[in-house]
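The values are calculated or read from the model by the stated rules, or taken from the named source; none is laboratory data. Keep in mind that this is a model prediction, so the values were computed, not measured. Backbone-built Cβ (ideal geometry, glycine too); neighbour counts: all protein chains shown.
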Amino acid sequence: MHRLVGTVRKYDWGDTSFIPSLLNETPDGTPCAEMWFGTHHIAPSLAETPTGNVALRDVVGDLDILVKILAAAGPLSLQTHPTREQAQIGFAAENARGVALDSPLRTYRDTADKPELIIAFTPFHALCGFAPIDTSVVLLRAMEWHREAEYLERHGIHAYLEWAYANDLTVSFDNAPEWLAELAQLYPNDHSLRVAPLLHYVELAPGEALSLPAGNLHAYLFGAGLEVMTSSDNVVRAGFTSKHVDIPELIRIVDTRPLDEPVVRPVIDGNVGTYPCPTDAFSVQRIELTDSYTLPASPIHRIVLATNGSTDSLPIGRAAVVLPNEQVEFRGTATLWVCAGRV
C-alpha cells in the first residue's frame, strides 16, 4: 500500500475550510474545491515510497478511476457528461478544429466517458435528473410560469430545452423556491434558470448518494462529499458558470428521460456498505472500522480513503493505493472508503 499525495484544485466555488480541516491543516482563506486522487493528466497524484515521492502513474500505470474530495460553498455549473463514444467523437472534432487541449474553450479534454457517484459527507444540496413532466408542470404553474408549463406539456422535455435556450429569459422569481431564487441572484440572465425547475432538487443526508450515468443533467449546489468517477475531465456545461458553455452539444447528448428517484443508499452487510454505481467500471464500499479490518486481496487496484476517526496505517483525510493482490489490515476507529476500478 502506498499513501497518496492528492492534488488540490482551487476553484472559486470551493469551500475555504472543509478540505484543509480534513487534512488537519490551518485554512488560509483560499477556496479549496476538490482534491484529486488518481493518474489523470490534469492533476495527477504522487505516491509515497521508501525513497521519496514519485508519480503515481510510475507505480500503477494509468488508472481508469478518479477519486475526489469535493467541497462546494456555492453552486457548480449545470452540466452533463458524455458516453465514451460521444467523448471520442467530440475529442476528435475539437482536435480537428485546432482547439488546444488546455484551451478554456475546450469541452472534451480526453476520450473517456465520465459516469459519477457523489456520496455526501455533509448535508449536500444538488439538482439531479429530470423530474416527471407532470411534477414539473405543477411547480411551473405554482411559480406562475404558465407559458413554460404549457410548452413543456405540449412538446416534452427535449423540445423545451431547445426553446428555453433559444429565447430570452423573461420570468419572475417572486414565487420561486428559495434555491432557485438564490441561483437567480447569482446568475440573473442565465437561460438555465428556466431549465433548473425541471430537475429534481435533492438534499442528501451524510452517507446518501447520487448515481450519475452519462447524460444526467445535474448541478451540485452546496456541501462536501466523496466523488468517484472514471478517469475523465469531460464536462459539457449549460450555465451557472463563468467557464465555457456548449449548449448545442449539451442538447445533443443530454438524457431527457425522467428519473423517478435520484437518491441511492448503500446495501449494508455487517460493517460494509456497498453503493449502487452508474457503471460497472468502478465500485465503492464504505467500511465502518471499529477495531480491525482486513481488506482482502483483489486482482484490481483500489484507492482507500480514511475519514471520521483514526487508523494506525492511514491518517484521516489521506488516501492510499492498494496494489493488485495486496491484503491490508487496518486498525483503529474510522470510516474507510474503498474505491475499486479496472487497470
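Quick check on segment 197-208. Is at least one of its residues more than 19 Å from the chain's Cα centre (by Cα) and either surrounded by 22 or more Cβ atoms within 10 Å (Cβ to Cβ) or not basic (K, R) (or both)?
The initial filter retains those residues of segment 197-208 that are more than 19 Å from the chain's Cα centre (by Cα), namely 197-198.
Subsequent filtering for residues that are either surrounded by 22 or more Cβ atoms within 10 Å (Cβ to Cβ) or not basic (K, R) (or both) retains 197-198.
Yes, segment 197-208 has at least one match.
Would you pick out the residues in segment 234-252 that are part of a helix (DSSP H, G or I) and of a type in the set (A, V, I, L, M, F, W, C)?
So the first thing to find is which residues in segment 234-252 are part of a helix (DSSP H, G or I), and the list is 247-252.
Listed by number, the residues that qualify are I247, L250, I251.
Being modelled with pLDDT of 95 or more, in a loop (DSSP other than H, G, I, E, B) and surrounded by fewer than 23 Cβ atoms within 10 Å (Cβ to Cβ) narrows it down to one residue among G98, G90; which is it? Talk me through it step by step, then tell me what you get.
Numbers: G90 fails: in a loop (DSSP other than H, G, I, E, B).
From the options G98, G90, the qualifying one is G98.
I need the full set of residues from segment 253-284 which are in a strand (DSSP E or B), within 20 Å of N216 (Cα to Cα) and among the polar types (S, T, N, Q), in order please.
Keep residues of segment 253-284 that are in a strand (DSSP E or B), which gives 263-264, 267-269, 272-274, 282-284.
Remaining after also requiring within 20 Å of N216 (Cα to Cα): 263-264, 282-284.
Of everything in segment 253-284, just one residue is in a strand (DSSP E or B), within 20 Å of N216 (Cα to Cα) and among the polar types (S, T, N, Q), namely S283.
Take the residues in segment 272-302 that are touching a residue at least 12 places away in the same chain (Cβ under 8 Å) and exposed (fewer than 14 other Cβ atoms within 10 Å of the Cβ); name whichever of them is nearest to T83 (Cα to Cα).
The selected residue is P276.
When only residues in segment 13-29 that are modelled with pLDDT under 95 and polar (S, T, N, Q) count, which is nearest to the chain's Cα centre (by Cα)?
If we take residues in segment 13-29 being modelled with pLDDT under 95 and polar (S, T, N, Q), then S21 is nearest to the chain's Cα centre (by Cα).
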